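Below: the structure, in structure tokens.
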Amino acid sequence: MRLKPQQIEDFNSSRLKPLKFQLDAFSTIHGDAESLIKKVSDFRIAIPSWALGTGGTRFGRFPAGGEPAILDEKLEDVGLLRSLTGTADAISLHIPWDIPSNAFAVRQLADELGLRFDAVNSNTFQDQPGQRLSYKFGSMQHTDPGVRQQAIEHNLEVIEYGRQLGSKSITVWLADGSSFPGQLNFRNAFQNTFQSLEAVYKHLPEDWKMFIEYKAFEPNFYSMTVGDWGQSLLFASKLGSRAFTLVDLGHHLPNANIEQIVALLLMEGKLGGFHFNDSKYGDDDLTVGCINPYQLFLIFNELIAGMDERGMSHTADLGWMIDASHNLKDPLEDLIQSVDAILTAYCKALLIDQIKLNNAQRENDVVLSQELLQMAYLTDVRPLISEARRRIGAAVDPLTAYRSLKCRAELIADRGKASRATGL
């Protein structure tokens, strides 16, 4: 499904007058909003190919109908999100779920839709049909050098697909670890993993980055070989200047101070990017900001302060991707909500007076420090986000536009009720 610009304009037309009133009110209270609107307009977020269909749990899966069954349809869905939000302009592929049979044709379709290719993702956490050796006891950490070599070769294949599509980074997440005490020699597992990652890193194109993703638990429950940000940072530091840590918000133990982790990784120049989602108990992969929006805001506070201090671009220097997937919502509505939550947290964090905050911190003024954060957090920035969207030709209210234009019904009519997306 492709939306015409006129459909977006028609949807926006009746909403422009109240939007102007809201913007005028914001400017009266907070001053000129132009710089904020510009930064929100420039911000871009990638959509993972595996989030475009209804997610599954180990108990069941309930497809929404009209799901994208092939890569071209996934691109079309991200193109639809781009038309509605203006912000979601990239797709992140997971190999082998999304192997492009004709990279030139896929890239041509992406260009037509105004899309770019974000990081490509390797998959050594599953055995694929026809696979010679099993990853049951790990991939890059495995005691068998043959299994390790198989994992290395898969990652090199993923890089080649990404190179053909114009991607500039690879994300490596490993399910490797152990579920029982004594099962694994931790030191050997680390060394095997490092040597495997090093073999992949040596083949990385010069203008590429490697993101090393960590996770506290699952699918292994006693140890994970890349189990926390310290282990990921150690791998990235040993590999070289083009290796970075990737932070998935759901990959931490409960109550982890993710904003502090972000600050320190930025300080070390080793933060590569984000997978945004939310969680109540573990890696729940819930809609961004649905459980703890204040934490998301605090993370963006550290991001903005740290990136500005290092002279980094908010748009280009880190990888921003949503990694949310659940089995209850329309997947595209869920992604629209996640984009909204990210932009809201980002825009609110931009309101923080970092000079006043730094002064209050130096003076140990705990009350003022907290007030500066909460004043920004409690500010309604929705008019700024709507205006930013209007200026880049998107819908001022993407979720309402999606529903009023009956996008899901049209997708079902086109693809059928029983269609299912590839992935978990």
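Restricting to the stretch 132-150, name every residue that is among the polar types (S, T, N, Q) and within 29 Å of the chain's Cα centre (by Cα). If you could, list the steps in order and put the result at the bottom.
Initially, the stretch 132-150 is screened for residues among the polar types (S, T, N, Q), giving 134, 139, 141, 143, 149-150.
Selection gives S134, S139, Q141, Q149, Q150.
Considering only residues in the stretch 91-106 that are assigned to a helix (DSSP H, G or I) and among the aliphatic types (A, V, I, L, M), the one that is surrounded by the fewest Cβ atoms within 10 Å (Cβ to Cβ) turns out to be A105. The number of residues in the stretch 83-137 that are acidic (D, E) and over 26 Å from S41 (Cβ atoms) comes to 2.
Can G306 be described as in contact (Cβ under 8 Å) with a residue 24 or more places away in the chain, assigned to a helix (DSSP H, G or I) and crowded, with 17+ Cβ neighbours inside 10 Å? Write out each step before concluding.
Working: in contact (Cβ under 8 Å) with a residue 24 or more places away in the chain: yes; assigned to a helix (DSSP H, G or I): yes; crowded, with 17+ Cβ neighbours inside 10 Å: yes.
Yes: the conditions hold for G306.
Total residues in the stretch 39-66 satisfying the condition of being modelled with pLDDT of 95 or more, among the charged types (D, E, K, R) and in a loop (DSSP other than H, G, I, E, B): the figure is 1. Could you say which residue among S196, S169, S178 is buried (at least 23 other Cβ atoms within 10 Å of the Cβ), touching a strand residue (DSSP E or B) at 6+ places or on another chain (Cβ under 6 Å) and among the hydroxyl-bearing types (S, T, Y)? Checking each option against the conditions leaves just S169. Put simply, of L156, L133, L109 the only residue that is surrounded by fewer than 21 Cβ atoms within 10 Å (Cβ to Cβ), without any contact (Cβ under 8 Å) to a residue 24 or more places away in the chain, more than 17 Å from T225 (Cα to Cα) and among the hydrophobic types (A, V, I, L, M, F, W, C) is L133.
Can you confirm whether the stretch 241-248 contains a residue that is closer than 25 Å to A341 by Cβ, in contact with an Asp or Glu (Cβ under 6 Å, 6 or more places away or on another chain) and loosely packed, with under 15 Cβ neighbours inside 10 Å? No, the stretch 241-248 contains no residue that is closer than 25 Å to A341 by Cβ, in contact with an Asp or Glu (Cβ under 6 Å, 6 or more places away or on another chain) and loosely packed, with under 15 Cβ neighbours inside 10 Å. Among the conditions (1) polar (S, T, N, Q); (2) in a loop (DSSP other than H, G, I, E, B); (3) more than 15 Å from W97 (Cβ to Cβ), Q164 misses just one, which is (2). Looking only at the stretch 136-149, filter to residues that are polar (S, T, N, Q) and buried (at least 20 other Cβ atoms within 10 Å of the Cβ); which one of those is nearest to P96 (Cα to Cα)? Checked the stretch 136-149; the qualifying residue nearest to P96 (Cα to Cα) is S139. Quick one: is K215 basic (K, R) and either surrounded by fewer than 22 Cβ atoms within 10 Å (Cβ to Cβ) or in contact with a Lys or Arg (Cβ under 9 Å, 6 or more places away or on another chain) (or both)? Spelling it out, it is not the case that K215 is basic (K, R) and either surrounded by fewer than 22 Cβ atoms within 10 Å (Cβ to Cβ) or in contact with a Lys or Arg (Cβ under 9 Å, 6 or more places away or on another chain) (or both).
Looking at G56, is it over 19 Å from L109 (Cβ atoms), small (G, A, S) and surrounded by 16 or more Cβ atoms within 10 Å (Cβ to Cβ)? Write out each step before concluding.
Working: over 19 Å from L109 (Cβ atoms): yes; small (G, A, S): yes; surrounded by 16 or more Cβ atoms within 10 Å (Cβ to Cβ): yes.
The answer is yes for G56.
One residue alone among K280, K270 is basic (K, R) and under 30 Å from T143 (Cα atoms), and that residue is K270.
Selection over the stretch 396-424 of residues that are among the aliphatic types (A, V, I, L, M) and farther than 30 Å from I99 by Cβ gives a count of 5.
Being in contact with a helix residue (DSSP H, G or I) (Cβ under 6 Å, 6 or more places away or on another chain) and β-branched (V, I, T) is true for just one of I412, I392. Which residue is that?
Numbers: I412 fails: in contact with a helix residue (DSSP H, G or I) (Cβ under 6 Å, 6 or more places away or on another chain).
Selected residue: I392, the only one of I412, I392 that is in contact with a helix residue (DSSP H, G or I) (Cβ under 6 Å, 6 or more places away or on another chain) and β-branched (V, I, T).
Being touching a Cys at 6+ places or on another chain (Cβ under 9 Å) and farther than 27 Å from G227 by Cβ narrows it down to one residue among L165, L84; which is it?
On the way: L165 fails: touching a Cys at 6+ places or on another chain (Cβ under 9 Å).
None of the other options fit; the residue is L84.
Within the stretch 330-368, being among the polar types (S, T, N, Q) and either out of contact with any Phe, Trp or Tyr (no Cβ under 7 Å at 6 or more places or on another chain) or more than 26 Å from E410 (Cβ to Cβ) (or both) holds for Q337, T344, Q354, N358, N359, Q361, N364.
Please go through the stretch 67-90 and pick out each residue that is crowded, with 24+ Cβ neighbours inside 10 Å, touching a Leu at 6+ places or on another chain (Cβ under 6 Å) and outside any helix (DSSP H, G or I). Listed by number, the list holds a single entry, A88.
The values are calculated or read from the model by the stated rules, or taken from the named source; none is laboratory data. Just so we're clear, the structure is a prediction, and the values are computed from it rather than from any experiment. Backbone-built Cβ (ideal geometry, glycine too); neighbour counts: all protein chains shown.
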